[in-house]
1. Comparing Gly151, Gly94, Gly134, which has the greatest mean-square fluctuation in the GNM of the chain with Cα pairs linked when under 10 Å apart?
2. Hey, got a sec? Which chymotrypsin sites (Phe, Trp or Tyr not before Pro) in region 106-205 land in a DSSP loop and have at most 15 other Cβ atoms within 10 Å?
3. Starting from the Cα of Glu83, step 7 Å along the direction of its Cβ; do the same at Asp53; then give the gap between the two resulting points in nm.
4. Treating the Cα atoms of the chain as identical point scatterers in vacuum, please give the log10 of the normalised Debye intensity I(q)/I(0) at q = 0.08, 0.09, 0.10 Å⁻¹, two decimals.
5. Can you give the helix-only mean residue ellipticity at 222 nm for the chain, where every DSSP H stretch with n ≥ 4 adds -39500 (n - 2.57) and the sum goes over all residues, rounded to the nearest 500 deg cm²/dmol?
6. Are there any GluC sites (Glu not before Pro) in region 43-144 that are in a DSSP loop and have at most 15 other Cβ atoms within 10 Å? List them by number.
7. Residue by residue through region 26-33, what is 3J(HN,Hα) from phi via Karplus (6.51 cos²θ - 1.76 cosθ + 1.60, θ = phi - 60°)? Round to whole Hz and write x for glycine and proline.
8. Could you tell me the extents of region 100-147's C-alpha atoms along the three principal axes, largest first, rounded to whole Å?
Amino acid sequence: MSGTPKLSDESLRHFARIREDFTRMMLGYRFGMEQVATRLDILREEFTELHQDNPIEHISSRLKSPESIIAKAARQGVELEIEALRAGITDIAGIRVVSPFVADLYRLVDSLTAQPDITVRTVKDYVARPKPNGYRSLHLILEIPVFLSSGPVQVPVEVQFRTVAMDFWASTEHKIFYKYEGDVPSGLRRRITEAAATAARMDEEMADLLRAVHGDAEGSPVEGRVHDRERR
């Protein structure tokens, strides 16, 4: 969709001057992302081995490229300074966690954010309060310490938690918007929203089946639990 904007010669010279600091910043984001992913893997192994219950279908991660960061900084009017980039662009490092059931999302969030060196920066609960188009997901920005030779740095990592149904809907919706470059016909928009409601009903039905087999296994919203630990 949006490409990298053309930078002035002065901006390119400035970026060359901060290249070493930029590389150090990106290493911090990569290490922070890998640490969070490792902790999620540990939780998955623990639940599987001790409780015969796997709350994670799969985990994916991505680190924005320098070109993507520069493009987003230009769109949002963020200066090409390390501290400005760190403060203004919060999704440089991202992880997506896909789980079978809605209850698993809240259980994983509780377990991960209870770790004493992880700080909850923001929480957006689009499961309890979906977006107008039906989008549902749990979005958290967590901070985790990364220890570099220059000293420790708090690295923000965006983590999205979705069920399989939520992830399938979101991936399909993204492909449709990409195909139409964001200008999706109203009829298709309506059907996309209806499909989100269908995915939500599927999550509810699967949770009911789980309760019928194992008893009450439904989680409660993170609000009041995770939010209490924000900026701990």
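1. Of Gly151, Gly94, Gly134, the Gaussian network model singles out Gly151 as fluctuating most.
2. Those that pass, being in a loop and sparsely packed, are Tyr180.
3. If labels sit at Glu83 and Asp53, their model points lie 4.6 nm apart.
4. At q = 0.08, 0.09, 0.10 Å⁻¹ the computed log10 ratios are -0.35, -0.45, -0.55.
5. Details: 7 runs with 117 residues, N = 232.
Dividing the helical sum by the residues of the chain leaves -17000 deg cm²/dmol.
6. Glu57, Glu79, Glu81
7. After applying 6.51 cos²θ - 1.76 cosθ + 1.60, I find 5, 4, x, 5, 5, 5, x, 4 Hz.
8. Principal extents (largest minus smallest coordinate, Cα): 40, 20, 13 Å.
Read-outs throughout are calculated quantities, based only on the coordinates presented, and are distinct from any laboratory measurement. Since this is a predicted model, take the numbers as computed values, not measurements. Note: ideal-geometry Cβ built from the backbone for every residue, glycine included; neighbour counts use all protein chains shown.
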